[in-house]
Amino acid sequence: MHRIFLLFVCCFIFISLVNAQKQFGLKSPDTKIEIQLTIGNTIEYSIVHQGDLILDKSPISITLTDGRMYGVNSKLFKYSNNSVGQTIQTSIYKKKKIIDQYNELTLHFKDGFNLIFRAYNDGVAYRFISTSKEPFEVKNEEVIYNFPSNQKIYASYVKKQRNSLQEQFFSSFENLYSYFSISDWDPKRIAFLPVLVEGVNNKKVCILEADLMNYPGMYLYKGETKNSLKAVFAPYPDKVSQGGHNNLQILVETVQPYIAKYDKGTSFPWRALVISTNDHELADNDMVYKLASPAKKETDFAWVKPGKVAWEWWNDWNLNNVDFKTGVNNETYQYYIDFASKYGVEYVILDEGWAVNQQADLFQVVPEIDLEALVAYANEKNIGLILWAGYHAFDRDMERVCKHYSEMGIKGFKIDFMDRDDQLMVNFHYRAAKTAAKYKMMLDFHGTYKPTGLQRTFPNVINFEGVHGLETMKWSTAETDQVTYDVTIPFIRMVAGPMDYTQGAMRNATRKNYYPVYSEAMSQGTRCRQLAQYVIFESPLNMLCDSPSNYMAEPECVEFITSIPTIWDKTVAMNGEVAKYISIARKKGDIWYIGSLTNWDARSLNLDLSFLGEGNFKAEIFRDGINADRLAKDYKREIINIPDNRQLPIYMASGGGIAIKVFNH
């Protein structure tokens, strides 16, 4: 047995000594990816994929405030290697099982740190681990990506350009993507992850981080050469004050000369690169989940219940044909509860407004709301209630808030307006997840950075924003191209994990007809586009953004939407091109759901349904109507037999989509 293992090790790792430099090579299990690592005065690595140079020699290091450096003049004293092939069972995810296969190299240094590299079939990851037994501070981390040429990238700059980079660390993590050459990076701006880089032969590289805990999140910035990018991190907050949106935020006024501090050694985040040969592979990638810390085995999360949510904020509490004044009051929420009960929607949310404004106190409830009465009413209808909470209001008395509202019967919180990812704020997310889990409460992190795997560590963390979602259509100008964004995020933002996009609009607009209306908002693109997004976008807690009145006027659409699961047994990314189109199939039980989206170009595609296997199948299809190019809400519903050859031609109008439910007959 040992001989077999050693022979296999030789296949995926090789070592040489050149001019006092140690060189290591680490290959992926399928041998298509190779990491070439050089350890000398510095530590550098490069990546080759099937003979194509993906990343040129790029240095990595961590600098401490006492002058020590992990990765500069460091003394390697031993290394070890490992090959892993396992199956990860999931409970709240886009598939039930994940194949986790990689080759690993661990380097041990005399300077108080280790360095781990992993080669997967779909990418590369590395992380530093401090073995210090004493307190220390991290001054900076060197993360440089030297690409072999001046390649094109898709990046989301921090939306509001401010006077300094430091001011840009206060961000909602929402923006459209800019597409440009690396050398054209705006030197006054930083971008949040993920970032997508085009490679040779149509390959793509998605830059990510995973298992982000007790450390600031990573941004990217213009590198020192025309082909390079480098990381920047929010400094550790020093002086802070309460303020911001409705006095619910903590604003950083001054910072320390370091980015993180520790009492002893720690594991730093994984730096990951996902490599695809076809764009659609990015839309079904598990890298972040694989790298994240699993939940503790002794912790039971069986009580976590994903589902859909009737949401009132986007539609401005607007109801018609009722005999009461709508708004933040019990009568309005009872109406939403009745709607949710009728259509099988699991939750109703009370968004901002139920707690007294400007007080940042979740125990001060407005007089128009009787929460205990609402909980009792919702329980009668088998509906759970979720409460919106501003960040500081939740954080200032977290334990008592969770205990009080859990005992009342509230199922979870949507926490909003963090707008930072420095070390203290990242720690808040961990503390909130842990405390909420103690009281069996779910969390939807809104107004926050991209997911990095916390939902695996704490499955009660059911969703994240960090996306330019449909809420922005309440105020975005006609120049905002949300449709192109929709067919870009599955290849970039969604690679990081689930997203609280909040789709479901029944008021739909063509490109020339869209305009922002805060109180009666509309979507860009067709009605069927909205339906398809419930399949395309990964979102275990999924909002129905429009008014019950609008939904009940469209029973076919709402019944289809509410039939779509929010977690899945299988996912198949069928086809796609970044910023052009995407098709994804997902299975729950015996039923497949398929969604396709296009950009502003009308598009014909052929869907290969060979994954259905043997049997006779029918499909319920919602397709763009013949006039959807001028009247975006126009659609056609039909039932068809799936062809024996499993080839299904489809057509999508400009800004369109198609949603399909496939079942045995």
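The values are calculated or read from the model by the stated rules, or taken from the named source; none is laboratory data. Just so it is clear, the model here is predicted, and its values are computed rather than measured. Using ideal geometry, Cβ is built from the backbone for each residue, glycine included, and neighbour counts are taken over all protein chains shown. We work out accessible area using only protein heavy atoms, side chains counted, and drop any ligands, DNA or RNA first. Shrake-Rupley method; radii C 1.70, N 1.55, O 1.52, S 1.80 Å.
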With Ile582 itself left out, Lys, Arg at +1 and Asp, Glu at -1 over residues whose Cβ is under 9 Å from its Cβ give -2
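What fraction of the DSSP beta bridges in segment 174-290 is antiparallel, stated in percent and rounded to the nearest 5? Working shown, then result.
Values: 23 of 23 bridges.
About 100 percent, rounded to the nearest 5.
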Run the paramagnetic zone check for Lys438: 7 angstrom along Cα to Cβ, then residues of segment 330-369 with backbone nitrogen under 19 Å. 362-363
HN-Hα couplings for segment 473-482 via Karplus (6.51, -1.76, 1.60; θ = phi - 60°), in whole Hz with x for Gly/Pro, come out as 6, 5, 9, 5, 6, 5, 6, 5, 9, 6
Return a whole-number percent for the relative contact order of the chain, with Cα pairs under 8 Å and 6 or more residues apart as the contact set. 11
In segment 195-292, which trypsin sites (Lys or Arg not before Pro) are in a loop and have at most 12 other Cβ atoms within 10 Å, using DSSP for the loop call? Lys239, Lys264
Hey, what do the phi angles of segment 586-592 turn into as Karplus ³J(HN,Hα) couplings, whole Hz, using 6.51/-1.76/1.60 and θ = phi - 60°, x for Gly and Pro? 9, 10, 9, x, 9, 10, 9
Which loop-located chymotrypsin sites (Phe, Trp or Tyr not before Pro) does segment 261-354 contain, where loop means any DSSP state but H, G, I, E or B and the Cβ has at most 12 other Cβ atoms within 10 Å? Trp303, Phe324
Where the centroid of each part is defined by its Cα atoms, how far is segment 315-346 from segment 456-482 in Å? 23
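When you count, for each residue, the other Cβ atoms within 10 Å and take the mean per peptide, how do 358-370, 376-388 rank with the highest first?
Values: 358-370: 14.5, 376-388: 18.4.
By packing density, highest mean first, the sequence is 376-388, 358-370.
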Taking segment 492-529, which chymotrypsin sites (Phe, Trp or Tyr not before Pro) meet the DSSP loop condition and have no more than 14 other C-beta atoms within 10 Å? Tyr518
Note to self: C-alpha centroids of segment 599-665 and segment 230-291 sit apart, in Å, by 40
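At 1.567 mPa s and 4 °C, plugging the Kirkwood radius over alpha-carbon pairs of segment 512-615 into Stokes-Einstein gives what diffusion coefficient in µm²/s?
Working: Rh = 15.4 Å.
Rounded, D is 84 µm²/s.
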Non-local residues with an amide H under 5 Å from the amide H of Gly123, with H modelled 1.01 Å from N and Pro and chain starts lacking one, are Ile275
Computed from the mean reciprocal separation of all distinct C-alpha pairs, what Kirkwood hydrodynamic radius does segment 448-488 have, in Å? 12.2
Please compute the alpha carbon radius of gyration of segment 340-428, then divide it by the globular-protein estimate 2.2 N^0.38 Å. Two decimals is fine. 1.16
Which entry in (i) 46, 28, 21; (ii) 36, 31, 25; (iii) 41, 31, 23 is this structure's computed semi-axes √(5λ) of the Cα gyration tensor in Å? (iii)
Need one number: nm distance between label points at Val517 and Gln89, each 7 Å from Cα along Cα→Cβ, rounded to one decimal. 5.1
How large is ³J(HN,Hα), in whole Hz, for each residue of segment 207-214 in order, when computed from phi with the Karplus curve 6.51 cos²θ - 1.76 cosθ + 1.60 and θ = phi - 60°, using x for Gly and Pro? 8, 9, 9, 9, 6, 6, 9, 6
What value, in deg cm²/dmol to 500, does the helix sum -39500 (n - 2.57) over DSSP H runs of n ≥ 4 give at 222 nm once divided by the residues of the chain? -4500 deg cm²/dmol
State, as an integer percentage, the relative contact order of segment 80-218 based on alpha-carbon contacts under 8 Å between residues 6 or more apart. 14
May I ask you to list the aspartates and glutamates whose Cα is less than 19 Å away from that of Lys133, ignoring any residue fewer than eight positions away on the same chain? Asp66, Asp111, Asp263
Provide Ser61, Ser164 ordered by accessible surface of protein heavy atoms (probe 1.4 Å), highest first. Ser164, Ser61
Whose amide H sits under 5 Å from the amide H of Trp313, counting only residues 5 or more places off or on another chain, with H placed in the peptide plane? Asp351
Less than 18 Å apart at the alpha-carbon level, and either on another chain or at least 8 residues along: which aspartates and glutamates does that give for Lys226? Asp56, Glu142, Asp184, Asp186, Glu198
Looking at this model, which pairs from Lys222/Lys450; Lys222/Lys414; Lys96/Lys296; Lys152/Lys222; Lys188/Lys512; Lys110/Lys434 are more than 23 angstrom apart at the alpha-carbon? Lys222/Lys414; Lys188/Lys512; Lys110/Lys434
Roughly how many Å is it from the Cα centre of segment 523-547 to that of segment 119-190, as a whole number? 30
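Distances longer than 17 Å among the Cα atoms of segment 152-224: what percent of all pairs is that?
Working: 1217 of 2628 pairs.
Here the long-distance tail beyond 17 Å is 46 percent of all Cα pairs in segment 152-224.
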Inter-label distance for Leu165 and Lys261, nm, one decimal - labels placed 7 Å from Cα along Cα-to-Cβ: 2.3
Values of log10 I(q)/I(0), in the order q = 0.13, 0.20, 0.28 Å⁻¹, for segment 477-522 under a Debye, Cα-only, solvent-free model: -0.37, -0.79, -1.13
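How much net charge surrounds Gln89 when only other residues with a Cβ under 9 Å from its Cβ are counted (Lys, Arg +1; Asp, Glu -1)?
Details: positive: Lys96, Lys97; negative: none.
Result for the neighbourhood of Gln89: +2.
Any chance you could run the full-extension gain for Asp601 through Asn357? It's 0.36 nm times the residue separation minus the Cα-Cα distance, nm to one decimal.
On the way: separation 244, 0.36 × 244 = 87.84 nm, distance 4.44 nm.
Here the answer is 83.4 nm.
Report the net charge of residues surrounding Tyr102, where surrounding means a beta-carbon distance below 12 angstrom and charges are Lys +1, Arg +1, Asp -1, Glu -1.
On the way: positive: Lys27, Arg118, Lys290; negative: Asp30, Asp100, Glu104, Asp122, Asp286.
Net charge around Tyr102: -2.
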For Asp111, Asp421, give the ranking by accessible area with the largest first, probe 1.4 Å. Asp111, Asp421
